[in-house]
Amino acid sequence: MNSLLLALILSSTPQQIELGGADLFADQQQTQQGQEPPPAKPTKHDPDEEKHQKDLEKDRQLGKEYSVEVEKELKLSTNADATARLQAIGAEMAEIANSEAVAVLWGDRRLNKFDYTFKLVQGDDVNAFSLPGGYIYFYEGLLNFAESDDELAAVVAHEIAHASFRHVETLRKEQSKFDILRIPLIIAAALSRSPEAMHSVMAVDLATQGLVSGWSTQAETASDYGGLQYMKKSRYNPVGMLTFMERLAYKEVLSPQLDWGIYRTHPPSSDRAKFLIKSLNEAGIPLKRSQTTTSLSARSLLKPDGSFDLWFGDSLLYTFKGESAKARAAQAVIRTNAFLDTVPQMFQLTTNGNEVLGNGRTMIAVEAGDLEEGKSVADARDKVVVGLKRIIGELSFRLFRQ
Ligand SMILES: [Zn+2]
């Protein structure tokens, strides 16, 4: 990544350095306070509108220049299906982002329209980044990590928010004294989560740490919140943003190779997950994680012998046999998801005779006909309980309750 960063620094031409300035900020304040609906047809003499178009054009130009440098370092994916999937979801979310302004916690509050482009690049990183003007890049690793279109759309929405809220320009304004030459480098680091990029930033100047930290906390929170609003307007489930973030936080906990000294400057994913839970609760969106994941959802699978396996994530819980196997498995899927979606505690799991109950409601009813010769119903039921207890323990460790 070092040569990429170098390229980004070198791409900062004097023309770009002149961008920004105090007048821009004053102008923007005026626009926000004005609250007047824009005229249907901007006239030639609308100074706000002219200024707005100039600002957007500046982002487009900057993004175009950065994208040329970035693409010298990255290889485009050869996976046509995955690329098409990303671009279809990208186009959908871009249309939403361009249609009306949403609440902006940090950044440019105007409705900033861009022709978004989404490119899939080679690499296993669970990573995506956004350049000014709507140039958005996803690594193949992120598509593999996302367990649903909902999760992928959520990351798309987050990256769009960075561009739409003009976070790069916002940082320029807030840090006018800061060495502008270093900004592309910081952006690359902050947006990419790349350890190499973060190393480079730290090597350049430890004093940048505070800036990176301030930038990323505000920008990430604003993009998470803005992304959620785009998701609410879309056909995708906003909970996908939460489940993606929670799994990312879990991955960070599990990855011993991560250097916490470097990642300390980035808002930990767990904090972001908690913020998302709060925002989803406030929006009245139920946290049904089973709807946006595969690892946190129950499903039934037909086996060659006609029986149905009940799975939760990668745990096999039970096998239904006989005439009614399909219907019983389908009901168990619904009830197991309903129970585990609440991130229950152990005491909420109980038994009654041959039945396993969640919150007092039957989830799985063990029947002798499901079992091999000589196996007892009680033993089979207890085996289901053990499996569910292990899952409940894991959920408590991995997820945050509302
Ligand atoms: Zn971000």
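General observations
- Counted by neighbouring Cβ atoms within 10 Å, the residues Ser376, Ser307, Ser396 run from fewest to most as Ser376, Ser396, Ser307.
- Near Asp314: Cβ cut-off under 15 Å, other residues only, Lys/Arg at +1 and Asp/Glu at -1. The net charge is +1.
- Least to most buried among Val155, Val386 (fewest other Cβ within 10 Å first): Val386, Val155
- FRET efficiency, Ala378 to Ala338 (Cβ-Cβ, R0 30 Å, nearest 0.05): 0.75
- Thr217/Lys303 FRET efficiency (R0 51 Å; Cβ-Cβ; nearest 0.05): 0.55
- Straight-distance candidates among the aspartates and glutamates for linking to Lys326, with alpha-carbon spacing under 15 Å and chain neighbours fewer than 8 residues away dropped: Asp305, Asp309, Glu367, Asp370.
- Cross-link table Lys321/Lys375; Lys303/Lys389; Lys64/Lys119; Lys64/Lys113; Lys113/Lys278, entries beyond 20 Å C-alpha to C-alpha: Lys303/Lys389; Lys113/Lys278
- Separation of the Leu371 and Asn79 label points, Cα + 7 Å toward Cβ, nm: 4.4 nm
Coordinate-derived values only; no laboratory data. This is a predicted model, so every value here is computed, not measured. In this analysis, Cβ positions are derived from the backbone assuming ideal geometry, glycine residues included, and neighbour counts consider all displayed protein chains.
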